[in-house]
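Asker: Sharing a structure here in structure tokens format.
Derivation of every value follows stated rules applied to the coordinates shown; laboratory data play no part. Just so it is clear, the structure is predicted and the values come from calculations on it, not from any experiment. Heads up, the Cβs are rebuilt from the backbone with ideal geometry, glycines too, and the neighbour counts pull from every protein chain shown.
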Amino acid sequence: MIAGFFEMLNRNGLIVRLFCYLFAAVVLFYTLFFVHHAHPHTWLEANIPAFWTIFTLIACVVLAGIARIYGAAGIKRKEDYYDI
């Protein structure tokens, strides 16, 4: 069941990617116009609109890149790894 779900996501990569971009835009819009920023804790919060939303997006992209590098370095194995 879960394998079928991931295969469906893999087949519809463009739609999934567009949905993720749309969701990120909605979160950014919500942060800019509806979140109360009366008492910022840092200079970055005070001077960069939606700082934490942008910071989180960049952190997720960096973590996904690190995971991809680890996978390419040999952590990811072929499906027939145990069939020697």
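Asker: Measuring from label point to label point, each 7 Å out along Cα→Cβ, what is the residue 54 to residue 78 span in nm?
Answerer: 4.6 nm
Asker: Per DSSP helix of 4 or more residues, -39500 (n - 2.57); summed, then divided by the residues of the chain. What does that give at 222 nm, rounded to the nearest 500?
Answerer: Working: 4 runs with 57 residues, N = 84.
Calculated from helices alone, the mean residue ellipticity at 222 nm is -22000 deg cm²/dmol.
Asker: According to a simple spin-label model (label point 7 Å from Cα along Cα-to-Cβ), what is the distance in nm between residue 46 and residue 30?
Answerer: 2.8 nm
Asker: Not counting the cut sites, what is the longest span of the chain without trypsin sites (Lys or Arg not before Pro) that DSSP labels loop and that have at most 10 other Cβ atoms within 10 Å?
Answerer: In short, 1-76.
Asker: Additional query: R0 = 25 Å: FRET efficiency of residue 39 with residue 61, Cβ-based, nearest 0.05?
Answerer: Computed FRET efficiency for residue 39 and residue 61 comes out at 0.30.
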